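The structure under discussion appears below in the form of structure tokens.
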Amino acid sequence: MKKLNAAIIGYGRSGYSIHARFMKSKANDIFNVVAVVEYDPARQEAAKADFGCDTYSDYRELFNRNDIDLVVNASYSNEHYPVSKDLMEHGFNVLCEKPLAKTPEQVQDLIDTAKKNNVVFTIFHQYRYNEYYNKMVEVINSGILGKIRLIRAKQNSFSRRYDWQTLLYREGGSMRNNAAHTIEQVMDLAGSDELPKIYSKLEIWNAVGDAEDYMFAVMEYSNGKRFEVEFSAGDAYAAGRLFEVFGDHGTMHVYNKKITYKYYLDEECPKPVLDHKSLHHPNGDPAYPSNNIVWHEEVLEFGGDVMNEFSGISSKYYHDLYNHMVNGGELFIKPEHIKAQIAIFREIEKQNPLEQKYFKPE
């Protein structure tokens with residue numbers, strides 16, 4: 001299999017722990033890392049040790065090369081839009097980390113730039129490859145839970161974050177950083193890229209910066225699908241539950257490595273007949289309604305180490321991207337889809353304006 005040459009911009013948490021982690025793994029039979037761009041000299045040395053590659057302190061030094069097939073933009077969030085645009089204007093294919101941009105207009109500008117320069121442009125949203133997600137979708141589509149009334153998504157923990165992800169000027173905050181993958185999954189579950197009706201709340205609970213670490217949104221789509229999305233940094237009893245699915249025939253709880261769901265069958269539980277009078281026991285005493293539901297319960301366990309699973313979904317994403325670039329396969333994450341996601345972010349931010357208190361040091 002022909003390998004493509006890749007450059008990584010940013011050798012921090014995403015560049016190193018996600019993208020380089022895959023590039024160094026045995027699963028990578030498709031990319032060679034030939035260059036890393038990093039401001040920190042110590043991280044440059046780490047990249048050289050990992051890949052024996054060239055390193056640069058400014059991404060524009062990549063413009064002098066003609067051997068790079070893909071640039072992975074894992075820079076600070078506020079640099080995603082301008083750096084991706086500059087790269088594509090110089091003829092590079094770009095895979096950008098999330099969040100992609102501040103506004104839908106910026107995303108459209110990137111889409112237009114990619115088309116003008118005939119380059120591949122996509123965004124790193126890999127969570128729909130997760131086994132828990134695909135098994136959850138299978139159960140929903142089976143109809144066993146009946147009509148789905150509500151899907152609730154959570155990413156809760158207790159933390160007091162104090163890095164750049166807590167800063168508005170860096171385009172940080174829990175929604176764009178943490179909840180972004182969940183909202184992308186919700187859009188897939190809704191089957192729509194429309195801007196839904198939204199009620200939302202953004203607040204700072206424990207973070208020391210000026211960007212939110214609490215996010216809650218109710219999203220209602222015109223097709224009747226309704227979702228609640230929450231990210232809280234103030235939940236010391238978080239149980240690791242990612243999704244709760246409520247249907248008129250049962251309920252499903254979704255975790256990283258397990259799914260549990262309870263349901264009933266119509267043939268075992270006939271619909272009760274409406275009674276306009278008070279109910280009574282056979283002895284004449286007052287009675288409450290009895291559901292008489294025969295429950296069935298299923299448990300699906302899967303996966304192993306969470307970090308290995310995390311690397312696995314990165315591998316699936318990269319192999320699909322390779323297939324698109326080399327064989328013309330379908331692009332998994334289209335920028336038009338992410339433009340719709342950014343519109344959701346902007347609507348939530350408009351409903352909850354936060355005061356910027358910190359600015360980039362001179």
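Summary of values
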quantity	calculated
Residue in region 123-143 that is nearest to Val254 (Cα to Cα), counting only those that are more than 14 Å from the chain's Cα centre (by Cα) and crowded, with 19+ Cβ neighbours inside 10 Å	Met136
In region 230-254, the residues that are over 27 Å from Asn178 (Cβ atoms) and exposed (fewer than 15 other Cβ atoms within 10 Å of the Cβ)	Asp248
Subset of region 215-229 (residues that are open to solvent by less than 30 Å² (accessible area, probe 1.4 Å) and hydroxyl-bearing (Ser, Thr, Tyr))	Tyr221
Tally of residues being open to solvent by 100 Å² or more (accessible area, probe 1.4 Å) and either part of a helix (DSSP H, G or I) or touching a helix residue (DSSP H, G or I) at 6+ places or on another chain (Cβ under 7 Å) (or both) across region 339-362	1
Qualifying residue in region 161-182 (condition: farther than 22 Å from Ser14 by Cα, among the charged types (D, E, K, R) and more than 17 Å from the chain's Cα centre (by Cα))	no
Enumeration of residues in region 171-188 that are surrounded by fewer than 21 Cβ atoms within 10 Å (Cβ to Cβ) and touching a Phe, Trp or Tyr at 6+ places or on another chain (Cβ under 7 Å)	Asn178, His181
Qualifying residue in region 189-205 (condition: more than 17 Å from the chain's Cα centre (by Cα), β-branched (Val, Ile, Thr), under 19 Å from Asn78 (Cα atoms) and at pLDDT 95 or above)	no
Test set (1) closer than 28 Å to Trp205 by Cα; (2) in contact (Cβ under 8 Å) with a residue 40 or more places away in the chain; (3) open to solvent by 40 Å² or more (accessible area, probe 1.4 Å); (4) assigned to a helix (DSSP H, G or I) - Val326 fails condition number	(1)
Number of positions in region 320-362 that are under 22 Å from the mean Cα position of the chain (by Cα) and either of a type in the set (Phe, Trp, Tyr) or at pLDDT below 95 (or both)	3
Residue within region 28-37 that is open to solvent by 50 Å² or more (accessible area, probe 1.4 Å) and out of contact with any Phe, Trp or Tyr (no Cβ under 6 Å at 6 or more places or on another chain) present	yes
Residue count, region 255-303 (criterion: open to solvent by 100 Å² or more (accessible area, probe 1.4 Å) and not hydrophobic (A, V, I, L, M, F, W, C))	16
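The values are calculated or read from the model by the stated rules, or taken from the named source; none is laboratory data. Keep in mind that what you see is a predicted model, and the values were worked out from it rather than measured. In this analysis, Cβ positions are derived from the backbone assuming ideal geometry, glycine residues included, and neighbour counts consider all displayed protein chains. Quick note on the areas: whole protein, heavy atoms, side chains included, nothing else; ligands and nucleic acids left out. Shrake-Rupley method; radii C 1.70, N 1.55, O 1.52, S 1.80 Å.
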